[in-house]
Amino acid sequence: MLNSGSNDASIGPPLWLLAELTYRCPLQCPYCSNPLDFARHGEELSTEEWIRVFREAREMGAAQLGFSGGEPLVRQDLVELIKAARDMGYYTNLITSGIGLTEQKVRDFKVAGLDHIQISFQAADEAVNNMLAGSRKAFAQKLAMARAVKAQGYPMVLNFVTHRHNIDQIGQIIDLCLELEADFVELATCQFYGWAELNRVGLLPTREQLQRAERITNQYRARLEAQGHPCKLIFVTPDYYEERPKTCMNGWANLFLDITPDGTALPCHSARQLPVQFPNVREHSVEHIWTDSFGFNRFRGDDWMKEPCRSCDEKHKDLGGCRCQAFMLTGDAANADPVCSKSPHHGVILKAREEAETPGQGMEHLTLRNEKASQLIYRG
């Protein structure tokens with residue numbers, strides 16, 4: 001094994017494959033997880049290249065395949081890719097903003113074998129949703145497509161990224177989800193990578209906002225459970241308000257394999273920013289990438305750990321936390337995740353919490369993914 005950071009020779013398969021088909025997207029979300037320099041990356045994989053990647057990962061044992069982006073609907077070969085994945089035996093899901101979706105496409109995806117569609121909203125308020133999305137018609141389009149997805153018998157899966165500008169409307173958000181007959185709702189408070197990290201001061205909610213939102217969500221949960229309602233509410237707390245880090249992606253290169261639009265393979269969505277050379281599926285097989293490449297072995301196991309992680313009795317619970325967060329906040333991906341109160345760099349998290357308690361910038365000051373679109377919205 002090449003320069004491995006792992007001390008465990010048994011490496012399981014990549015069970016969960018994410019195909020980031022494109023970085024192209026009509027929206028301007030200020031918390032977009034795509035790279036800040038997304039427009040500079042190389043040519044997208046062809047249909048044939050994607051199908052080869054699906055086949056190689058499936059032969060290794062991959063079971064679930066997500067189609068993501070950017071906005072995956074801008075790919076004209078999406079039906080072909082869905083069908084190829086279904087024919088290989090994958091459970092498939094489409095992660096989309098709903099922009100560019102039509103009732104005909106919903107039907108075509110169903111025929112091709114797509115198992116579920118997740119639609120994201122920016123807010124329950126039409127004006128806020130459209131401002132963040134960068135389209136005056138975005139909210140109406142999302143509502144229509146959510147109903148079309150439900151009508152075709154898919155599970156209704158909705159995602160709301162919450163932040164300081166919409167988290168106080170959590171009740172209205174949940175009410176909208178219930179109106180749309182959602183089966184699963186992810187209320188995901190911003191995690192600060194990519195554009196969200198750039199805009200952290202303007203997006204991180206206060207502790208009081210977060211606690212209130214979680215309390216209201218729990219009240220809805222209790223009411224729904226008492227009624228025997230099928231809707232499941234998932235509330236995701238931002239790392240910045242935890243004292244111990246999450247086990248990022250269930251461990252580095254443990255279950256999750258991300259393939260970016262130009263074929264770069266990553267062990268998590270955000271790893272491209274790390275000072276690590278990651279392999280490309282145009283140059284290597286998926287098996288080589290997963291098993292033997294330096295990038296995928298760099299933080300496997302715990303041999304790579306520095307103190308205080310190395311001697312910590314909790315290291316096998318969180319595996320040192322998030323490598324991307326450690327790099328962003330300390331400059332060294334091998335440091336303990338600063339979210340951990342045991343980290344010598346925990347002060348940067350405490351400072352961020354303090355900043356959140358002061359009046360933040362308004363939404364008009366956020367750096368948006370597509371500035372031209374944002375100017376049209378603000379000036380229109």
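Being more than 30 Å from Gln325 (Cβ to Cβ) and either open to solvent by less than 50 Å² (accessible area, probe 1.4 Å) or touching a helix residue (DSSP H, G or I) at 6+ places or on another chain (Cβ under 7 Å) (or both) is a property that does not hold for Asp175.
Here Leu350 clears all of (1) part of a helix (DSSP H, G or I); (2) modelled with pLDDT under 90 except the condition numbered (2).
Would you be able to say whether some residue in the range 159-173 is free of Cβ contacts under 8 Å to residues at least 40 places away in the same chain and more than 21 Å from the chain's Cα centre (by Cα)? No - not one qualifying residue is present in the range 159-173.
Can you pull out the residues in the range 98-115 that are open to solvent by less than 50 Å² (accessible area, probe 1.4 Å), under 24 Å from the mean Cα position of the chain (by Cα) and either of a type in the set (Val, Ile, Thr) or more than 20 Å from Pro30 (Cβ to Cβ) (or both)?
Here is the first cut: in the range 98-115, the residues open to solvent by less than 50 Å² (accessible area, probe 1.4 Å) are 98-101, 106, 109, 112-115.
Narrowing further to those that are under 24 Å from the mean Cα position of the chain (by Cα): 98-101, 106, 109, 113-115.
Those that are open to solvent by less than 50 Å² (accessible area, probe 1.4 Å), under 24 Å from the mean Cα position of the chain (by Cα) and either of a type in the set (Val, Ile, Thr) or more than 20 Å from Pro30 (Cβ to Cβ) (or both): Ile99, Gly100, Leu101, Val106, Phe109, Gly113, Leu114, Asp115.
Of the residues that make up the range 302-315, is at least one in contact with an Asp or Glu (Cβ under 7 Å, 6 or more places away or on another chain) and either outside any loop (DSSP other than H, G, I, E, B) or among the aromatic types (Phe, Trp, Tyr) (or both)? There is at least one residue in the range 302-315 that is in contact with an Asp or Glu (Cβ under 7 Å, 6 or more places away or on another chain) and either outside any loop (DSSP other than H, G, I, E, B) or among the aromatic types (Phe, Trp, Tyr) (or both). Within the range 116-136, the set of residues being assigned to a loop (DSSP other than H, G, I, E, B) and over 19 Å from the mean Cα position of the chain (by Cα) comprises Ala124, Asp125, Gly134, Ser135, Arg136. A single member of Phe278, Phe184 is open to solvent by 70 Å² or more (accessible area, probe 1.4 Å) and either charged (D, E, K, R) or at pLDDT 95 or above (or both), and it is Phe184. Only a single criterion out of (1) surrounded by 23 or more Cβ atoms within 10 Å (Cβ to Cβ); (2) assigned to a helix (DSSP H, G or I); (3) at pLDDT below 95 is not satisfied by Ala39, namely (1). Pairs under 7 Å by beta carbon, first residue over 16 Å from Val236 (Cβ atoms) in the range 198-211, partner among the basic types (Lys, Arg) and in a helix (DSSP H, G or I), six or more apart or different chains? Pairs that qualify, where the first residue is over 16 Å from Val236 (Cβ atoms) and the partner is among the basic types (Lys, Arg) and in a helix (DSSP H, G or I): there are none. Within the range 52-71, can you find the residues that are open to solvent by less than 40 Å² (accessible area, probe 1.4 Å) and either at pLDDT below 95 or touching an Asp or Glu at 6+ places or on another chain (Cβ under 8 Å) (or both)? Across the range 52-71, the qualifying residues are Ser68, Gly69, Gly70, Glu71. Figure legend. Inter-residue proximity from the range 101-122: first residues modelled with pLDDT under 95, second residues of a type in the set (Phe, Trp, Tyr), beta-carbon distance below 7 Å, spacing 6+ or different chains. Indicated pairs: His116/Tyr154; Phe121/Phe160. Suppose we keep only residues that are among the polar types (S, T, N, Q) and in a helix (DSSP H, G or I) within the range 316-347. Which one would you say is least open to solvent (accessible area, probe 1.4 Å)? Among residues in the range 316-347 that are among the polar types (S, T, N, Q) and in a helix (DSSP H, G or I), the one least open to solvent (accessible area, probe 1.4 Å) is Gln325. Taken together, the residues in the range 259-281 that are more than 21 Å from Glu56 (Cα to Cα) and part of a loop (DSSP other than H, G, I, E, B) amount to 5. Give the residue that is modelled with the lowest pLDDT, with candidates limited to residues of the range 137-170 that are open to solvent by less than 10 Å² (accessible area, probe 1.4 Å), over 10 Å from Gln122 (Cα atoms) and assigned to a strand (DSSP E or B). Out of the qualifying residues, it is Met156. Inspect the range 287-296 for any residue being assigned to a loop (DSSP other than H, G, I, E, B), modelled with pLDDT of 95 or more and open to solvent by less than 50 Å² (accessible area, probe 1.4 Å) and give the result as yes or no. Among the residues of the range 287-296, at least one is assigned to a loop (DSSP other than H, G, I, E, B), modelled with pLDDT of 95 or more and open to solvent by less than 50 Å² (accessible area, probe 1.4 Å), which makes the answer yes.
Yes/no per residue for (1) of a type in the set (A, V, I, L, M); (2) open to solvent by less than 10 Å² (accessible area, probe 1.4 Å); (3) touching a Lys or Arg at 6+ places or on another chain (Cβ under 6 Å); (4) modelled with pLDDT of 95 or more:
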site: Thr189; (1), (2), (3), (4): no, yes, no, no
site: Thr206; (1), (2), (3), (4): no, no, no, no
site: Ile216; (1), (2), (3), (4): yes, no, no, yes
site: Arg221; (1), (2), (3), (4): no, no, no, yes
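The values are calculated or read from the model by the stated rules, or taken from the named source; none is laboratory data. Everything quoted here is computed from the prediction, not taken from an experiment. Positions of Cβ are generated from backbone atoms using ideal geometry, with glycine treated the same way; all protein chains shown enter the neighbour counts. Remember, those area values only see protein heavy atoms, side chains included, never the ligands or the DNA or RNA. Shrake-Rupley method; radii C 1.70, N 1.55, O 1.52, S 1.80 Å.
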